[in-house]
Amino acid sequence: MIATSTVDLITVNIDGKDVAVPKGTNVIEAAAKAGVDVPHYCYHPKLTVVGNCRMCLVEMGMPAVDPATKAAVMDPATGKQKINWMPRPVIGCATNASPGLHIRTTTQLVKDCREGVMEFLLVNHPLDCPICDQAGECKLQEQATGYGRGYSRYIEDKNVKPKRTVLGPRVTLDDERCILCSRCIRFSKEVAKDDVLGFIDRGSTSTLTCFPGKKLENNYSLNTVDICPVGALTSTDFRFKMRVWFLKQTNSIDMESSVGANTVVWSREGQIYRITPRQNDEVNDTWMPDSGRILYKQVKANNRLTAASVSHASTSLVDAVNKASALLTEAKGALRIVASGKNTVEEQFLIKHVAQQLLAPVSLVSHVGEGDKILVSKDHTPNVRGALVTGLISELPKPKLTELSSDIDSGKVKLVLSFGEDLAQAGITAAQLAKITVIYCGTHTNTTSEAASVVIPTLTVFEKSGSFINQQFRLQKFSAAVPGPTGVSDDLITLTHLLSSLQGTPHATTQAAGILSQTWKALAASIPSFAPLSFSGIPATGLLIDSTAFAKLPFVETETLHFKPVA
Amino acid sequence: MPEQRRIIFKHIDSPGYTNDLACYQKNGGYETLKSAVLRKPEELIEEVKKSGLRGRGGAGFSCGLKWSLVDRKSGKPIYLIVNADESEPGTFKDRYILHQDPHQLIEGMMITCFANNVRQAYIYIRGEFPEGARILEKALAEARQANFVGANIVGSQYSCDIFIHRGAGAYICGEETGLIESIEGKRPYPRIKPPYFPAVLGLYQCPTIVNNVETLCHVKHIVSMGGEAYSKIGTPGNTGTRILCVSGHVKRPGYYEFEVGKITLGELLNDICGGPLPGRTFKAVIPGGSSAKVLRFGERFKGKRKVGTEMHDYDWSLEDLPMDFDSLAMVGSMAGSGGVIVMDDSVSMVEALANINAFYSHESCGQCTPCREGSLWMKRITNRMVHGDARPEDGTLLKNVADQIAGRTICAFGEACSWPTQSFVSKFGEEFKTYADRSQATVSAQEIIPLV
């Protein structure tokens, strides 16, 4: 494991170059800091070190000291302290930086070691790269090119092992491709806390498998696919679907809970193929839940709202917004707005303006569920804190809209404008919905959209750019990976349109990119903790913002990876 | 002709000597333990240091030094583990101790435990020794009954218990950290060192001493006769006696106990073991268990060595080699576990290597890439050769594969599986080159008994 302390910096020498690293940093990481690649398979920065692949062998030396006097022994040739090089190579992953450590990675010995390990890994590895899903992101392929011999001396038969083993509902294993690095085993045990994988048999016949009666079915099983350096573990959902080099990568955020795991959305020609985790050492390390990886399926779901409608008749977005504006103005004083923790910070900011314009109270609906203490928190919405920071709400939301319910019954409320929340889920009955006018802005059909007089389709997180504030009060941004359905505008444009329509000012058509920076100008001007910020200025790994104003609120989250609730 | 000097095996061949407690005590057993618990533990450690005892398991590491490396400041318990996983092909000394004189081991263990303040000790016995395990269990029960093991032994304040752990049939469990993993109930994958040196982070992450069966028996005799006296047995730096297990093509194979370094390989094989079988001549010998590098009869070894404080030239034939740790290491092999494997002129070195390679590829734990893949590859090459498909370049390839393993793995198995190949090919390269012609001319693939 790597020490992250930055106070105790020491100097080590990698290939003749001095580099300062925290004491205890291993040679692989130290070398990376010096710009030197130390190839490896079994080592993973977030897992324990086992040192079994032997790919990271390097030469190690320490400054010579006279054993009797403890004085430095100088090398007359260079005038510097002599280095005692160890005759045997050492593994970089398990060699920790100590003061004066010298490492060589370019010598003949190191070259031979790497060639040897590459050759050994390949002798029993199937040559099926043309049909292997890992091709293009395969460490074995990359390092064979970088460090291998380039030809094979092996003429014997290769090992035969199980193919297409179903390890669990989402993971398929090809044992012949497995190089026995044990990353998946360590991940299951150490991170997912679900010790189901192990090797059986021994030597070269060692085979990865689940323990008898067990399945790899925990909600983190697909991380084993991510960290598998070869094509042994594959995602049953993604395998054989697309070559990875055709896919475009877009940074995104897992919106299934307030953890806000950082992700990458892989798409091609407007279609998403998979979602994988993106490293953020303060949030999700290199992991994400399986449940967050299938969220892209909502983009092409059958119940997707793709067209605006007024009184159940399709219409243009502009008509629907204008109709909504008219209905809202008419119902002034007897209307409520229900916003959502799934709305982005930018949307919540604009909704607040809509609410102010209409003098309408705003509620959020809480979605509290099971947390797994890893990367799914108890709050199953990504951005309740955004609503607090933007001032859209001042108290934490409740699961049921009881006040709204009684206000409908008493006739105090005649219209409800919902931004993505299904009111039926929040305790409003069908009879109550029938009694009032409903305007629904959302992505998919539900009871509320069915009951709505005006339906305005919006975009999923994969089709728009914006930001969420997670449980740590970390502002994190995501970008549009694929275009939205034809005729559906960016949600910020729709909201600005509604706002200008309510204000009676002409609506200027704007590009999505423009609206984002425009919204951020307003955000920065009105929210003190956003003052120096712009959307493009948010770092890829997010930014902690001041949360002191909300310290007393009884947030529902309990401990997860890298998060401890304020006591 | 040198005489055997039996310390460990003093009694085992005596008529009427049995492995029960009564017989052991009749012959002076447990007297050393009784007197040892009256002494200071540090004194006992000092005796062992003075004795110069070197481990009899294979590496020949100083026993006193091993004990002195134990972390005694951590506050954690210290464990003793007896490595009775005697699996090195050609070695059968511990087996006889366990079968015929188990109390000698238990006494040695208890003295060691007392000296090192160990409160819990384990005997890790290989799975293929079911009879040995039964005998040990019985002996242990007897020793407990007689208060030599357990609470407040022999009326002292000191308590220590011993547990027997049976292996499940894996050679790698003889590697001390693999053994520790196995006791902990895991796959016996040897641990990376650093940081997992048993003396600091051993069994259950506590300081642990792992000693061979024979080594611990020697401890008993060292404490009994005094380290000073023991150090006079054998030769300087190679003290005490050592059991040599001779197998293969000699007239009288078996176990022999000699003062270390006081007998040469020639004396052992020709005088003690009766020389080659009728009509045969010696061809090669592996002096320390199958993983030691093979020596070829007719070889000469020249160089300088330290005798006392002076450097002396030596010029030895194979027969002149003193059977001690340092001399065998000097000529590029090792004393190892004491298993002397003799091959005469009837042996094809390619086939002998095929046999050894089959063993090591079967026993590689599979953790490190070079050993896992390399041992199997070497086996496949030698297998192919003996099955009639040899190529002249196979020797070179074999050597090259072996060179890619040694020194690049977590444990010493990398060396164990590659040293035979390296030495067989270097010393009998011609045989590997010409094996193709030989096999095609004289033997068909069908005639050869398939190898595992």
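The values are calculated or read from the model by the stated rules, or taken from the named source; none is laboratory data. Every value quoted in this text rests on a predicted model; they were computed, and no experiment measured them. Cβ atoms come from the backbone with ideal geometry, glycine included; neighbour counts cover every protein chain shown.
Taking region B:388-434 as the range and being of a type in the set (D, E, K, R) and within 14 Å of another protein chain (Cβ to nearest Cβ) as the test, the residues that pass are B:D389, B:R391, B:E393, B:D394, B:K399, B:D403, B:R408, B:E415. In the set (1) farther than 30 Å from A:G371 by Cβ; (2) surrounded by 15 or more Cβ atoms within 10 Å (Cβ to Cβ); (3) out of contact with any Pro (no Cβ under 8 Å at 6 or more places or on another chain), A:L317 fails one condition alone, (3). Please work out if A:T69 is more than 9 Å from chain B (Cβ to nearest Cβ), hydroxyl-bearing (S, T, Y) and under 30 Å from A:F240 (Cβ atoms). Spelling it out, it is not the case that A:T69 is more than 9 Å from chain B (Cβ to nearest Cβ), hydroxyl-bearing (S, T, Y) and under 30 Å from A:F240 (Cβ atoms).
Residues that are surrounded by fewer than 24 Cβ atoms within 10 Å (Cβ to Cβ), of a type outside the set (S, T, N, Q) and more than 7 Å from chain A (Cβ to nearest Cβ) are absent from region B:373-382 altogether.
Got a sec? Which of B:K220, B:K251 is among the basic types (K, R), touching a residue at least 12 places away in the same chain (Cβ under 8 Å) and in the same structural domain as B:I164 (by TED's automatic domain parsing)? So the residue among B:K220, B:K251 that is among the basic types (K, R), touching a residue at least 12 places away in the same chain (Cβ under 8 Å) and in the same structural domain as B:I164 (by TED's automatic domain parsing) is B:K220. Out of B:T112, B:T177, which single residue is within 30 Å of B:R372 (Cα to Cα), of a type in the set (S, T, Y), in contact (Cβ under 8 Å) with a residue 40 or more places away in the chain and not assigned by TED's automatic domain parsing to the domain that holds B:G414? On inspection, the qualifying residue turns out to be B:T177.
For region B:198-231, residues that are over 20 Å from the mean Cα position of the chain (by Cα), under 27 Å from A:R202 (Cα atoms) and of a type outside the set (S, T, N, Q) total 4.
Having 3 or more residues that are more than 28 Å from A:V166 (Cβ to Cβ) and among the polar types (S, T, N, Q) is the bar; report the strands (runs of 3 or more DSSP E) wholly within region A:231-290 that clear it. The qualifying strands (runs of 3 or more DSSP E) are A:248-253.
So that you can scan it fast, the table gives a plain yes or no per residue for (1) modelled with pLDDT of 95 or more; (2) in contact with a Lys or Arg (Cβ under 9 Å, 6 or more places away or on another chain); (3) more than 26 Å from B:E175 (Cα to Cα):
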| position | (1), (2), (3) |
| --- | --- |
| B:Y30 | yes, no, yes |
| B:K34 | yes, no, yes |
| B:P41 | yes, no, yes |
| B:G58 | no, no, no |
| B:W67 | yes, yes, no |
| B:V70 | yes, no, no |
| B:N83 | yes, no, no |
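Scanning region A:99-117 for residues that are within 14 Å of chain B (Cβ to nearest Cβ) and either surrounded by 15 or more Cβ atoms within 10 Å (Cβ to Cβ) or at pLDDT below 95 (or both) yields A:L101, A:L109, A:V110, A:D112, A:C113, A:R114, A:E115, A:G116, A:V117.
When residues in region B:390-424 are screened for being free of Cβ contacts under 8 Å to residues at least 24 places away in the same chain and among the charged types (D, E, K, R), 2 of them pass. Annotation note: Cβ proximity below 8 Å between a residue of region B:184-204 that is over 24 Å from B:G64 (Cβ atoms) and within 14 Å of chain A (Cβ to nearest Cβ) and a residue that is of a type in the set (S, T, N, Q) and in a loop (DSSP other than H, G, I, E, B) (sequence gap 6+ or interchain) occurs for B:Y189/A:N52; B:Y189/B:Q367; B:P190/B:Q367. Listed conditions (1) among the acidic types (D, E); (2) surrounded by fewer than 20 Cβ atoms within 10 Å (Cβ to Cβ); (3) within 30 Å of B:S361 (Cα to Cα) are all met by A:D174, apart from (2). Scoring A:A71 on the criteria (1) over 30 Å from A:Y151 (Cα atoms); (2) surrounded by 12 or more Cβ atoms within 10 Å (Cβ to Cβ) leaves a single failure, condition (2). Can B:A352 be described as closer than 21 Å to B:G298 by Cα and under 18 Å from the mean Cα position of the chain (by Cα)? No; evaluated as a whole, the condition is false for this residue. Evaluated against (1) more than 11 Å from chain B (Cβ to nearest Cβ); (2) more than 30 Å from A:G150 (Cα to Cα), A:N96 falls short on exactly one condition, (1). Scanning region A:198-228 for residues that are within 14 Å of another protein chain (Cβ to nearest Cβ) and either part of a loop (DSSP other than H, G, I, E, B) or farther than 15 Å from A:N52 by Cβ (or both), which turns out nearest to the chain's Cα centre (by Cα)? Ranking the qualifying residues of region A:198-228, first place goes to A:T209. Screening region A:118-152 for residues that are over 15 Å from A:C178 (Cα atoms) and exposed (fewer than 13 other Cβ atoms within 10 Å of the Cβ) and picking the one that is nearest to the other protein chains (Cβ to nearest Cβ) gives A:S152. Could you say whether any residue in region A:475-486 is in contact with a Leu (Cβ under 6 Å, 6 or more places away or on another chain) and closer than 24 Å to A:V345 by Cα? Yes.
One line per residue, one yes/no per condition, for (1) assigned to a helix (DSSP H, G or I); (2) buried (at least 22 other Cβ atoms within 10 Å of the Cβ):
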| site | (1), (2) |
| --- | --- |
| A:S489 | no, yes |
| A:S529 | yes, no |
| A:A540 | no, no |
| A:T558 | no, no |
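Among residues of region B:63-83 being among the aliphatic types (A, V, I, L, M) and within 23 Å of B:T239 (Cβ to Cβ), the one that is surrounded by the most Cβ atoms within 10 Å (Cβ to Cβ) is B:V82. Entry remark, region B:144-177: residues being hydrophobic (A, V, I, L, M, F, W, C) and within 27 Å of B:S87 (Cα to Cα) number 7 in total. Within this structure, A:S258 passes the test of being buried (at least 18 other Cβ atoms within 10 Å of the Cβ) and at pLDDT 95 or above. With respect to the conditions (1) surrounded by 24 or more Cβ atoms within 10 Å (Cβ to Cβ); (2) in contact with a Leu (Cβ under 7 Å, 6 or more places away or on another chain); (3) among the small types (G, A, S), B:G336 lacks only one, and its number is (2). Close contacts from region B:7-18, counting a first residue that is surrounded by 13 or more Cβ atoms within 10 Å (Cβ to Cβ) and a second that is assigned to a loop (DSSP other than H, G, I, E, B) and among the aliphatic types (A, V, I, L, M), with Cβ to Cβ under 7 Å and a gap of 6+ residues or different chains, come to none at all.
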